[in-house]
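Working notes, structure below.
The values are calculated or read from the model by the stated rules, or taken from the named source; none is laboratory data. Note that the structure is a prediction, hence the values are computed from the model and not measured. For neighbour counting, all protein chains shown are included, and Cβ atoms are generated from backbone atoms with ideal geometry for every residue, glycine included.
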């Protein structure tokens, strides 16, 4: 009888100890587990979205890089209040607030600024696509250095012509860097597309597709 109780007590302690180890492991790796789950979810959603809109792809010529301070050659123009910006890009989650130069400006180029691609539609065009590209990295012209922190459902806004256009991220995907890429989007939606080099990756570019969810006077 005594031996039976002792064995049962040891079994209970073993179970409790195992549970404590599992709980400790989960708590210690909680953020990593969430990150993995989020990445898996994003990849699944990206594939679903891409498959749904594969017949609506648009090929654009763009080749952005991961630029560091050591190989930076061109200095960015400052956010000068005297510059006649066409619009402003705001992404609260990463504290980005950047003026956008007119499409035909000499400095509307990723090597100087956030570039508005010439193939873009302006934000007020219904079902249009406003396309922006910029470098990632650590240099002063790496305006999209923190885009990698964005997830599905995060928000961005374009201030244009006294109106604020707010968009929500609906898809994020990578494409091999080859001087051009395909933009997959719902052509029945007004969209904003952000393009940059994939973080710490010299061979891929990341595309963020955002859909318009609201317009207000600014």
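Here is a yes/no grid of residues against (1) closer than 17 Å to residue 60 by Cα; (2) surrounded by 18 or more Cβ atoms within 10 Å (Cβ to Cβ); (3) in contact with a strand residue (DSSP E or B) (Cβ under 7 Å, 6 or more places away or on another chain):
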site: 107; (1), (2), (3): no, no, no
site: 126; (1), (2), (3): no, no, no
site: 149; (1), (2), (3): no, no, no
site: 153; (1), (2), (3): no, no, yes
site: 156; (1), (2), (3): no, yes, yes
site: 189; (1), (2), (3): no, yes, yes
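Checked against (1) within 16 Å of residue 58 (Cβ to Cβ); (2) out of contact with any helix residue (DSSP H, G or I) (no Cβ under 9 Å at 6 or more places or on another chain); (3) crowded, with 19+ Cβ neighbours inside 10 Å, residue 209 passes all but a single condition, namely (2). The residue of the stretch 165-183 that is modelled with the lowest pLDDT, among those that are surrounded by 16 or more Cβ atoms within 10 Å (Cβ to Cβ) and closer than 16 Å to residue 117 by Cα, is 181. Among the residues of the stretch 183-218, the ones that are more than 17 Å from residue 134 (Cα to Cα) and not in a loop (DSSP other than H, G, I, E, B) come to 8 in all. Residue 142 falls short on exactly one of the conditions (1) surrounded by fewer than 20 Cβ atoms within 10 Å (Cβ to Cβ); (2) in a loop (DSSP other than H, G, I, E, B), and that condition is (1). Does residue 131 qualify as being crowded, with 22+ Cβ neighbours inside 10 Å, more than 11 Å from the chain's Cα centre (by Cα), assigned by TED's automatic domain parsing to the domain that holds residue 62 and over 20 Å from residue 63 (Cβ atoms)? Taking the combined requirement at face value, the residue does not satisfy it.
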